[in-house]
Amino acid sequence: MLHIIQNDPEVPSGTLIEHLDIPYVVHHLYRDGRLPHAADISALIVLGGSMSANDDLGHPFLADLKKLIRGVAEAGVPYLGICLGGQLLAAAFEGKVVSDRWEELGNLKVSLTETGCRDLLFRDIPQAFRAFQWHHDSFDIPPGGVLLAYAMVCPHQAFRVGERAWGLQFHPEVTEEIIRTWSAWDSSPTVRAEELVAGFKAEEESYQATVRRLMRNFQMSIKLTPGADRTL
């Protein structure tokens, strides 16, 4: 079974689940902190959140979540971390997560490295593509990790640990509704939200193509994992 971890009530899975053709279950950690059992996981997606990957005291479930992520990745179980989920993957493997560094907001260009162009997760995705960004924290590539994508402001956009554990800094899952919700967190004038939404709408077709390919490729990684068919 594919398990999806939602850390924040206002950071949902968005369009990710629209492109799934396998069974999945969503866990709302912000409600009860309950994690799935590792033995039940054939694949794991961890979403973003307004908290820091380092905020174990404020959000006690994060410490156990990082342990779960590391265990899943070391076992070769497919993992995809989005924004905070990517930062948690880095932290789980001794990579630093730094606040107020390389901040990005809006519709920006992301480019694949040579390794990224050959990576399973980014198969059939252009070498340069547009992605929606909303982050104040950023991750260092952990020891043994491989950089897969970069951007002008934030050079660490995607990485892989092992063969099947990926961390992303950008948000492939966003919708107009999600962007408007996040914009309400900020005290800036409403026009800022309208500008972000306008930028999103201008790139929406491209965004949908990217998330569709990402999810297709991630599901392919599940199918290529020995024994995964027994738990789907």
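Using alpha carbons only, the radius of gyration of segment 1-120 set against its Kirkwood radius gives Rg/Rh = 0.95. Ranking 17, 82 from most to least accessible surface, computed with a 1.4 Å probe over the protein chains only, gives 17, 82.
Hey, got the dipole for segment 6-162? About the Cα centre, +1 on K and R Cβ, -1 on D and E Cβ, debye to the nearest 20? If you can, show how the numbers build up before the last one.
On the way: 12 positive and 19 negative charges, 54 e Å.
Using only the charged Cβ atoms, the result is roughly 260 debye.
With N counted as the residues of the chain, its alpha-carbon radius of gyration over 2.2 N^0.38 Å works out to 0.94. Mean sequence separation of contacting Cα pairs (under 8 Å, at least six apart), scaled by the length of the chain, corresponds to a relative contact order of 23 percent.
Take the Cα radius of gyration of segment 119-166 and divide it by 2.2 N^0.38 Å, with N its residue count; two decimals is plenty. Don't jump to the answer; show the numbers that get you there.
Numbers: Rg = 11.3 Å, N = 48, 2.2 N^0.38 = 9.6 Å.
Scaled against compact globular proteins, the figure is 1.18.
Pairs of Lys residues in the chain, spaced 8 or more positions apart or belonging to different chains, with C-alpha separations under 30 angstrom: 7 in total.
Please calculate how many Å² of accessible area the chain carries per residue, with a 1.4 Å probe and no DNA, RNA or ligand atoms counted.
Numbers: 10330 Å² over 232 residues.
I get 45 Å² per residue for this part.
Using a 1.4 Å probe over the heavy atoms of the protein chains, calculate the carbon and sulfur portion of the accessible area of the chain as a whole percent. Taking all protein chains in place, the chain shows 51 percent carbon and sulfur surface.
The values are calculated or read from the model by the stated rules, or taken from the named source; none is laboratory data. Keep in mind the model is a prediction, meaning the values are calculated, not measured. We place every Cβ from the backbone using ideal geometry, glycine too, and count neighbours over all the protein chains shown. Just so you know, the surface numbers come from the protein's heavy atoms only, side chains and all, with ligands and any DNA or RNA stripped out. Shrake-Rupley method; radii C 1.70, N 1.55, O 1.52, S 1.80 Å.
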